[in-house]
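Below: one structure, written as C-alpha cells.
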Amino acid sequence: MKRIFKLSLQLQSCQKVADCLNGEGLRTKVYRTKTGKQFGGERWSARRVYDTLVDEKYIGRIVHKEVSYPGEHQAIVSEDVFKRVHEILKENRVYTHKHQTKRFALLRRLVYCGECGSLIMPAWTNNHGREYRYYTCSKKVKSGYGKCGLPSIPAGELEKIVVEQLRSLLRHPDVIAHTFREVCASGAETGQADKISRLDELRGRRHQSEQAARSLLGLNDPESSLVQSELKRLNGEIKSLEASIRSIESNVTPNRTIELNEVITSLQQLDPVWEVLYPAERRRVLELLVKSVTVTKQSVEVRFLPNGIEQIIDELAPLSERTNG
Ligand SMILES: [Zn+2]
C-alpha cells in the first residue's frame, strides 16, 4: 500500500501506477467470504489505484456516513503523504516551472472572451481563508474593470461545461466520425475521403432517426396510431440507412475502416476513465482535442481540433486499455 502512494507521487498518473504494479506481477488484495468465495487477486486498473488513493482507511481512519473517525488499526500511510496525494488530485496543485510558481488551471490559454476577443485568464481570490477560483477576461485585468462587460466566471462552472462537451464528444461515435472525416479529407486519398464523408453523413442521419424514435417512445401516449405509424416510418428509414452504411463500409479500404474504428474505440474508452485521470492528464486531453473555448455573456462555445485525434491515440491508448483489468 505504501508503494502505491509513493508511486503515485512519482508518476502522477493512476494508469501509470497500475501499469507499474502489474509489470511487477503484483495483484490486488485477495478477500475470502464466509462461504469460501474468493475476491480480488486481479490485475490493477487505474480505477482501483484511484480508489485506493482516496481510501481513508490507509491513514488509520474509518469513514462512516461521510464522517471520518480515527480507526482502531494503525495508519499505513502518513497523513502528510495522504494530504500531498490529495492536493494533486484535487487540482489545486502549485507547481514550479522555470523558477516561477504557477497554479494549475485546467483551461489556461484555451478560453477567449467573445465580447472583446481577449484571452480569458485564471484568477484566484481569498475570502476568509477560503480560496475561490475564477476565469476573468484579461482586458479587464490589464486595462481596468469596465473595459469589458464580461463578468468573471467561477472556474468550476466553466470547467464543468467544457468537460461535459468534451465527454459527450468522446461518447458519441458519430461526432467522432465526423471529426475524423476532416482528418481524412486533409489527406491524399480523396476518393476514400469522399466515401468516409458519405458514411459519416449516413451515420449522422441514422443517429437522428434513432433519437427521434426514442423521443417518440417517451411520449405520454406511445400506443396512439399516429405515433405508431411515425415509428414504423422511422424504423424503415433506419433499416435502409443501415443497408447503405454497410454497402459503403465494404467499399472503403479495410485499413481506413479499422483506423476509424480504432479512433472511435480509443476515444470512447477515454470517457469512463476521465474521473481517475490526474489533472495534468486531463489538461493533456484538452490540449489535444480543444482548439478554443469562447465565452460570451450568454454562451460557452467549444471548438474541437480534428487533428489532435491521431496523436491522442498514440499517447493515450495505453492509458485507456485494461481499465477493467
Ligand atoms: Zn473581454
- Query: With (1) at pLDDT 80 or above; (2) polar (S, T, N, Q); (3) assigned to a strand (DSSP E or B); (4) more than 16 Å from the ligand (Cβ to nearest atom) as the list, and T96 as the residue in question, which single condition is left unmet?
  - Reply: (1)
- Query: In region 199-231, which residues are modelled with pLDDT of 85 or more and either loosely packed, with under 11 Cβ neighbours inside 10 Å or touching a Cys at 6+ places or on another chain (Cβ under 7 Å) (or both)?
  - Reply: S229
- Task: Would you check if L169 is outside any loop (DSSP other than H, G, I, E, B), modelled with pLDDT under 85, buried (at least 18 other Cβ atoms within 10 Å of the Cβ) and touching a strand residue (DSSP E or B) at 6+ places or on another chain (Cβ under 8 Å)?
- Result: yes
- Message: Can you find a residue that is surrounded by 12 or more Cβ atoms within 10 Å (Cβ to Cβ), modelled with pLDDT of 75 or more and within 16 Å of the ligand (Cβ to nearest atom) anywhere in region 178-198?
- Response: no
- Reported set for region 6-61 where residues are of a type in the set (A, V, I, L, M, F, W, C), farther than 17 Å from V273 by Cβ and part of a helix (DSSP H, G or I) is L7, L9, I59
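The values are calculated or read from the model by the stated rules, or taken from the named source; none is laboratory data. Please read all numbers here as calculations on a predicted model, not as lab measurements. With ideal geometry, Cβ positions are generated from the backbone for all residues, glycine too; neighbour counts draw on all protein chains shown.
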